[in-house]
Structures are given as C-alpha cells and as structure tokens.
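Written out below as structure tokens is the structure these notes cover.
FYI, it's all coordinate maths here, none of it is from the lab. The structure presented is a predicted model; accordingly, all values stated were derived computationally and were not measured. We place every Cβ from the backbone using ideal geometry, glycine too, and count neighbours over all the protein chains shown.
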Amino acid sequence: MTRVNGAWCIGVCAAACLLVCIEIFEGGVSYAKENLRMVYPPDTRYHVYGYSFGLAWSSFALFLLAGIAILIYSRKEKNTAKDQMVILGRL
C-alpha cells in the first residue's frame, strides 16, 4: 500500500469509527429515554445532547473531508525526477 492510500484509509477509517461512536451514543440515549425512568421522567419533553454531540459531528465531517481531499489531490506526477527508477544495491 502506498503512502497516499494509507493516509486516505486513515482519514476514512477515523471518520467511520467516529460515526460508529456517535451512533452508539445516540442508541444509549434512546435506550435510557425509553427504559430508565429515573434518568428521564415521563413528563420530559425534549433532550439536548450538548456541545460534545455537535463537536463529534463536526469532527466526523472534517475527517471525511480530509480523506476525500487526500484522495483527490494526491495524483502521481509523471515524467519528473521523482518518477525515475532508483537502483538500490552495489554498483
């Protein structure tokens, strides 16, 4: 795997892991709201997730955009000095 593909995979995998964490958090809040009456009394009308929830979604968007940006802007340059074959070993 090349360095660019590895960087792209890291960005996308980080975004995917963060998305899973957000969904687990939402599921936990939903479960608590339905089953734990001491945490959410029956007369509770709404729930506010707070700043951490918005921060998690903004981090997800930034990780995803970083992965896509690396994929788009990392094209191989041809016919340059970097593209020439390098012989490793004794001469």
Original post:
Residue by residue, what Karplus-based ³J(HN,Hα) values in Hz, rounded to whole numbers, does region 64-70 have, using 6.51, -1.76 and 1.60 with θ = phi - 60° and x for Gly and Pro?
Top reply: 5, 5, 5, x, 5, 5, 5
Subject >> Cβ crowding within 10 Å averaged over residues, with 57-63, 32-38, 21-27 ranked highest first >> reply: 57-63, 21-27, 32-38
Original post:
Pulled fully out, how much extra length does the chain show between residue 36 and residue 61, if you take 0.36 nm times their separation in residues and subtract their Cα-Cα distance?
Top reply: 5.8 nm
